[in-house]
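Report on the following structure.
The values are calculated or read from the model by the stated rules, or taken from the named source; none is laboratory data. Source: prediction; values computed, not measured. Cβ coordinates were reconstructed from backbone atoms using ideal geometry, including for glycine residues, and neighbour counts include every protein chain displayed. Heads up: the accessible areas ignore ligands, DNA and RNA and are worked out on the full protein's heavy atoms, side chains in. Shrake-Rupley method; radii C 1.70, N 1.55, O 1.52, S 1.80 Å.
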Amino acid sequence: MRFSEKYLQLFIAAEEELKTQVEEKGLDFEAVKKDAESGICYEVDFCGILCFGEHYALKKTPMNPKFIDYSEMVWAYGEKRGTQQDIDCIIIHLYDGIEWSVELNDKEDEKNILSMFLNANPAVMIGYNDENKAKYISYLESINIKVEEPKENKVPAPKAKLSQEQLKSLKNKFEKIISLSKKLTELDKRWKCKMSEPLNKEQTASWCRDNGVYLPEYYTAVLERTNGFSIGYSSPVGYFAIYRFNTDTTTKELYSRTKDEMLAREYRSYKHCQSSFGFLSPHGLYYNPYTGETYFKKGRSQYAPVEDFEKEVLDEAICYLEKMVIRFERKDQLLAENINNPMRKMYDSVVELIEKEGDLNYSTIIYEPLTHDEIAHWEEEHGIILPQDYKNWLFLSNGLCFANKTIYGLEDLDTDNTVIGPDDNKDYIMIASLSYSSDCLVFDPETSELFAIDDDGETEDGDFFYHIFDEGFEYLENM
């Protein structure tokens, strides 16, 4: 039985309402249906499921036409593992940041989905107008479910202001980050540091007062020095960044809450209102504009409070950048010492390729070399002996992006989330991605033996030269 037939009573029938709304946007309904069947999902202001063909979706895309704000959405879809068969999975996302995924495979499915709606705040669902609210509540009552109000109903007080001493320390540390970043750009041209004109302090403060917004003080302190900052190596993404702030934008554009909602300080508007203001790789930095509280985003809808911004963000960035300065200052010396490294010929070939590509092409990236002591320390700390070919490469470059391959740097090796061998069920550690799919080069942490696992789960003996460089240069020749 198709999803729409099995759960007809669970969701409001959508098609007629959707047709009306789509036509009101000046679009052709049949064309929209055809787009939807190709995986393009249009935004609509209706609490229900958009169902065309095998696709079930109600979501916003970042592309035009922009009918609603990106975060103000509830969406559900059922294509699991890219299949075009009957729906076997549903994901529901409410714009308060909560998301669930449920596989539809037994008689408990309907009960589970109803439970998700029960535990969610229905008022945050898209299109939750008076008419839909009445239908929703009526339906819940018909199955003996009572909607409870949230236990908390007050927005917390804004985060306490920093002392002058704290602000001074914060500014000094950020200046050190700027200084280290500039030093790195002098040591190696592939380091990129970006800054811009500072933001007017009074203009920012006035905008915040008028809109009921509390920006974290360490954010505004950075903006007063430079409105936007980033530092990274050979990547448009970077390692550490603080985003620009534009006081010409509205709270609706920034937080998906109107100015009146912000000033009203309503609890339901406050809940799960996080806005991104930068990142310290690999985690995003977010704040709540009602309180100025700051978070690391460590997973989908998973936010961990930042208790001490100086210690957890600035000190971490300084420590990393100081380490990079040391590594790049010794780069030429270490490369000279490794002139007879078995991987040197491959390294020189990659350097030649980079010079041919030009400075602005980031498709091929080499990194700073590591010392014997650094690698030995890692092996002792983890109780693992690395494959010798991999170590030889680390003596030249702590990682690599090349062709469609990626060799992971030593700090990027994930010894906790191992790859399960499809043939022997053993745990392997991944040291390289061999394609844009799931092909990878792994090693046995007990024996250091290399293996290659392809996208179909087939395993063969691994050869560092062949699987990285022979295949990589062949790939480039055939492009």
**Item:** Close pairs (7 angstrom Cβ cut-off, 6 or more residues apart or separate chains): more than 15 Å from Ile407 (Cα to Cα) in segment 462-479, open to solvent by less than 70 Å² (accessible area, probe 1.4 Å) anywhere
**Value:** Tyr475/Ala403; Tyr475/Asn404; Leu476/Ala403
**Prompt:** When only residues in segment 232-253 that are closer than 19 Å to Phe296 by Cα and open to solvent by 60 Å² or more (accessible area, probe 1.4 Å) count, which is modelled with the lowest pLDDT?
**Reply:** Val237
**Filtered residue count, segment 299-312, keeping only those that are open to solvent by less than 40 Å² (accessible area, probe 1.4 Å) and in contact (Cβ under 8 Å) with a residue 60 or more places away in the chain** = 2
**Prompt:** strands (runs of 3 or more DSSP E) wholly in segment 275-353 with at least 1 residues that are touching a Ser or Thr at 6+ places or on another chain (Cβ under 8 Å) and within 25 Å of Tyr255 (Cβ to Cβ) - which ones?
**Reply:** 283-287, 294-299, 302-305
**Item:** Scope segment 240-252; condition within 24 Å of Gly399 (Cβ to Cβ) and touching a helix residue (DSSP H, G or I) at 6+ places or on another chain (Cβ under 7 Å); matching residues
**Value:** Phe240
**Asked** So which residues in segment 151-182 are among the charged types (D, E, K, R) and out of contact with any strand residue (DSSP E or B) (no Cβ under 9 Å at 6 or more places or on another chain), if there are any at all?
**Response** Lys151, Glu152, Lys154, Lys161, Glu165, Lys168, Lys171, Lys173, Glu175, Lys176
**Asked** Condition test on Glu352, is it more than 28 Å from the chain's Cα centre (by Cα) and open to solvent by 20 Å² or more (accessible area, probe 1.4 Å)?
**Response** yes
**Asked** For segment 275-288, what are the residues that are open to solvent by 30 Å² or more (accessible area, probe 1.4 Å) and modelled with pLDDT of 90 or more?
**Response** Ser276, Phe279, His283, Tyr286
**Request:** Return the only residue of Glu374, Glu411 being assigned to a helix (DSSP H, G or I), out of contact with any Asp or Glu (no Cβ under 9 Å at 6 or more places or on another chain) and at pLDDT 90 or above.
**Result:** Glu374
**Request:** Report yes if Lys192 is surrounded by 14 or more Cβ atoms within 10 Å (Cβ to Cβ), modelled with pLDDT of 95 or more and not hydrophobic (A, V, I, L, M, F, W, C), otherwise no.
**Result:** no
